[in-house]
Amino acid sequence: MNNDLVLTLSCVDRPGIVAAVAGFLADRGFTIRDSQQFGDDDTGLFFLRIHAASEDPISVATIREEFAAAVAHPLEAEWAIQDPSHRQRALVMVSKQGHCLNDLLHRSRTGSLPAEIVAVVSNHEDFRELVEWHGIEFHHVPVTGETKEQAEDELRKLIAAHDADLVVLARYMQILSDTLCRELAGRAINIHHSLLPSFKGARPYYQAHARGVKVIGATAHYVTAELDEGPIIEQDFTRVDHSSSAVDLTATGRDLEALALARAVTAHAEYRVLLNGSRTVVFR
């Protein structure tokens with residue numbers, strides 16, 4: 001058993017929410033190590049994340065059951081209580097551009113990513129040697145117009161077989177079906193190679209160069225059936241000027257993509273992201 005827990009909650013804002021949660025934890029001998037909250041005037045919702053610890057080992061399952069009855073149900077809240085010692089199991093998907101994959105593999109290997117990469121799935125064979133060098137299973141699942149449905153069924157089997165908590169699209173250049181997007185809602189993260197919503201489609205950095213942009217960036221977001229319209233978790237950007245070529249922008253953009261994706265995966269794995277309709281609340 002662990003001594004810590006992370007509690008996240010969202011509900012309609014009203015007086016006494018923090019008191020109810022803090023009182024519940026105090027009654028069970030917890031000390032609050034960190035607490036962050038946000039009240040959204042636009043939606044009227046309240047968001048809370050608490051990291052709490054007990055001197056004695058705890059049963060997260062028991063705490064969940066008690067919290068549901070004592071606090072969550074009366075507040076009509078969406079909530080979760082997680083064991084922070086559990087490293088989320090991530091299945092990474094990639095096509096033929098490996099900069100984001102390579103960055104995630106390095107971070108996972110060095111312990112700077114709070115998630116375990118349990119498998120890599122690709123519609124190409126390009127990165128098999130790299131992935132297997134890291135001691136991670138590589139699965140080649142080719143995709144054509146005629147085999148898309150079968151490929152997604154294979155992906156479902158791999159997610160289940162590896163008990164994956166999270167799916168990370170690290171420049172996976174295939175569009176997932178609406179059905180699969182709904183199945184993975186809230187647990188699939190994609191990296192988009194520009195600051196959404198602009199310069200969609202192919203060769204965004206060339207589009208940006210043609211328009212003479214002064215800022216380029218990357219967007220990590222949850223996957224939804226609406227292409228590149230999912231709730232944004234993280235963005236990164238840098239200033240550029242007239243001296244930057246399209247090649248320069250592409251190289252810089254790849255660095256931004258890797259960083260934004262790693263930050264998004266980290267935030268998700270540390271239970272710091274709460275959905276707020278089509279937006280997110282990301283506690284730091």
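Between the stretch 1-57 and the stretch 85-163, what's the alpha-carbon centroid distance in Å? Centre-to-centre distance over Cα atoms comes out at 34 Å. The coefficient of translational diffusion for the stretch 129-175, derived via Stokes-Einstein from the alpha carbon Kirkwood radius under 4 °C and 1.567 mPa s, stands at 107 µm²/s. If R0 equals 41 Å, the separation of the Cβ atoms of PHE38 and LYS214 corresponds to a calculated FRET efficiency of about 0.85. Stretching the chain fully between ALA202 and GLU229 yields a gain of 8.1 nm (0.36 nm per residue, less the alpha carbon separation).
Taking every alpha-carbon pair within the stretch 11-162, the share separated by more than 26 Å comes to 51 percent. Rounded to the nearest 500, what is the 222 nm mean residue ellipticity of the chain from helices alone, with -39500 (n - 2.57) per DSSP H run of 4+ residues and division by all residues? Helix contribution divided over all residues of the chain: -9500 deg cm²/dmol.
Using only Cα atoms, tell me the angle between helix 246-269 and the longest principal axis of the chain; keep it within 0 to 90° and round to the nearest 10. Roughly 20 degrees, rounded to the nearest 10. Both numbers refer to the Cα atoms of the stretch 2-82; Rg and Dmax are 12.2, 41 Å. Enter the angle in degrees (range 0 to 90, nearest 10) between the Cα long axis of helix 17-27 and the first principal axis of the Cα atoms of the chain, meaning the one along which they spread out most. For 17-27 against the chain, the angle is about 60 degrees. Neighbour counting of Cβ atoms within 10 Å sorts the residues TRP79, TRP133, fewest neighbours leading, into TRP133, TRP79.
Using the alpha-carbon positions of the stretch 188-284, Rg (one decimal) and Dmax (whole number) come out as 13.7, 41 Å. From least to most packed, judged by other beta carbons within 10 angstrom and beginning with the fewest, THR238, THR219 follow the order THR238, THR219.
Here the spin labels are modelled as points 7 Å beyond Cα on the Cα-Cβ line, and at ILE175 and ALA80 they lie 2.8 nm apart.
Between ALA68 and ARG279, full extension at 0.36 nm per residue minus the direct alpha carbon distance yields a gain of 73.4 nm.
Computed from the coordinates by the stated procedures, all read-outs in this text should not be read as laboratory data. Here the structure is a predicted model, which is why all the values come from computation and not from measurement. Ideal geometry is used to build each Cβ from the backbone, glycine not excepted, and the neighbour counts take in all protein chains shown.
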